[in-house]
Amino acid sequence: MHPQPERVPYHLAIIMDGNGRWAQERGKPRHEGHRAGTENLRRVLRLCSQYGVKILTIFAFSTENWGRPPSEVAFLMRILETVIDREMEDLHANGVQLRHIGRLEGLQPHLQQKVRQAVERTRNNDRLILNVAFNYGGRDEIVNAVRRIITDGIPPDEVDEELLSYYLFTAGQADPDLIIRTSGEMRVSNFLVWQAAYAEYYATPTYWPDFDENEFYRALQAYTARQRRFGLVEAADHP
Ligand code: FPP
């Protein structure tokens, strides 16, 4: 393990990009990339625990991903199912609280049921919160929040930033401090568009399956080096 960096993000969010290209460059089918990416998620979860990250949010399936070939969509659904089936014991034993963010109702009923059970089973764990963004879109999340605010009959002058945050899938959680995107892309891609207002962004050309401990550490060092001022003068950890 590397020495503990001076500052560790309380909430880390990751866009795990580049699985397909990782596979392609090895002459393998894309799903092999997703398999390797899933392995890597296990490694990064362990690192988060070791370094003291308290919330990890991963972008596993976006609302736009439905447009991929049906076989790939089916494979990604199966990954979610397999992760729950095979990893839940271990995650639970390691104090991980699993949360889902996104439109659960868009998934097949048996998968919805599995996710609900896993969330319920781990709800009292407090070592690390793992938010799995699956069938998630940031704008969709905000539209969903506004609809529910209207349905709840909240008067317009009571709608403020705090209230809106409360209606998001991440209700009650601190906003992300650092967002990592792998594979060299420099886009937000509809990920946590509300919550990331003050987040630091870090991009690396490394494909997700190759994002190892050295890469992880480099990202934390870059984060440590940044001055976060929230539009003020002094550096601060949270607004
Ligand atoms: C992006 O690579 C990756 C995804 C769309 C899926 C990522 C999913 C996992 C790593 C497993 C997730 C784990 C759970 C809990 C479900 P890409 O296919 O866009 O790569 P490319 O840009 O090179 O084509």
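Laboratory data are not the source of any read-out in this text; all were calculated from the coordinates shown. No experiment lies behind these values; they were computed from the predicted model shown. Cβ placement follows ideal geometry from the backbone for every residue including glycine, while neighbour counts extend to all protein chains displayed.
May I ask you to evaluate 6.51 cos²θ - 1.76 cosθ + 1.60, the Karplus curve with θ = phi - 60°, for each residue of the range 146-162 and list the ³J(HN,Hα) values in order in whole Hz, giving x for glycine and proline?
4, 4, 5, 4, 5, 4, 6, x, 6, x, x, 6, 9, 7, 9, 4, 5
Only four residue types carry charge here, +1 at the Cβ of Lys and Arg and -1 at the Cβ of Asp and Glu. Report the dipole size of the range 59-134 about the Cα centre in Debye, rounded to the nearest 20.
With only Lys, Arg, Asp and Glu charged at Cβ, the dipole is about 140 debye.
Name the most mobile residue of 199, 93, 118, meaning the one with the largest mean-square fluctuation, in a Gaussian network model of the chain with Cα contacts below 10 Å.
93
How high is the FRET efficiency from residue 165 to residue 226, r the C-beta distance, R0 25 Å, rounded to 0.05?
0.60
Say each of residue 147 and residue 127 gets a label point 7 Å from the Cα, pointing the same way as Cα to Cβ; how far apart are those two points in nm?
Roughly 3.7 nm, to one decimal.
Return the percentage of antiparallel bridges among DSSP beta bridges fully within the chain, rounded to the nearest 5 %.
Antiparallel bridges: around 0 percent, rounded to the nearest 5.
For the chain, count the residues as N, evaluate 2.2 N^0.38 Å, and divide the Cα radius of gyration by that value, please.
For the chain, the normalised Cα radius of gyration is 1.02.
Given only helices, namely DSSP H runs of n ≥ 4 each adding -39500 (n - 2.57), what is the per-residue ellipticity at 222 nm of the chain, to the nearest 500 deg cm²/dmol?
It comes out at -13000 deg cm²/dmol, rounded to the nearest 500.
Quote the relative contact order of the chain in percent (integer), defining contacts as alpha-carbon pairs under 8 Å separated by 6+ residues.
So the answer I get is 28 percent.
Would you mind calculating the gained length between residue 1 and residue 188 on full extension (0.36 nm times residue separation, minus the Cα-Cα distance), in nm to one decimal?
64.3 nm
Tell me the Rg and the Dmax, in Å, that the Cα atoms of the range 1-129 produce.
15.5, 45
Residue 93 versus residue 201, label points 7 Å from Cα toward the beta carbon: distance in nm?
Label-label distance for residue 93 and residue 201, simple model: 4.0 nm.
Using the Cβ atoms and a cut-off under 11 Å, what net charge is assigned to the surroundings of residue 12, where Lys and Arg are +1 and Asp and Glu are -1?
-1
Using a Förster distance of 35 angstrom, determine the FRET efficiency expected from the C-beta separation of residue 105 and residue 71, and round it to 0.05.
After rounding, the FRET efficiency stands at 0.90.
Neighbouring Cβ atoms within 10 Å as the yardstick, rank 71, 183 fewest first.
Fewest-to-most ranking of 71, 183: 71, 183.
Where nothing but the Cβ of Lys and Arg (+1) and of Asp and Glu (-1) is charged, how large is the charge dipole of the chain around its Cα centre, in debye to the nearest 20?
680
Tell me the net charge near residue 84. Cut-off is 14 Å between Cβ atoms, residue 84 excluded, with +1 for each Lys or Arg and -1 for each Asp or Glu.
Taking every Cβ under 14 Å from that of residue 84, the sum is +1.
Could you give the dipole magnitude of the range 10-105 about its Cα centre, charging the beta-carbon of Lys and Arg +1 and that of Asp and Glu -1, in debye to the nearest 20?
Rounded to the nearest 20 debye, it is 220 debye.
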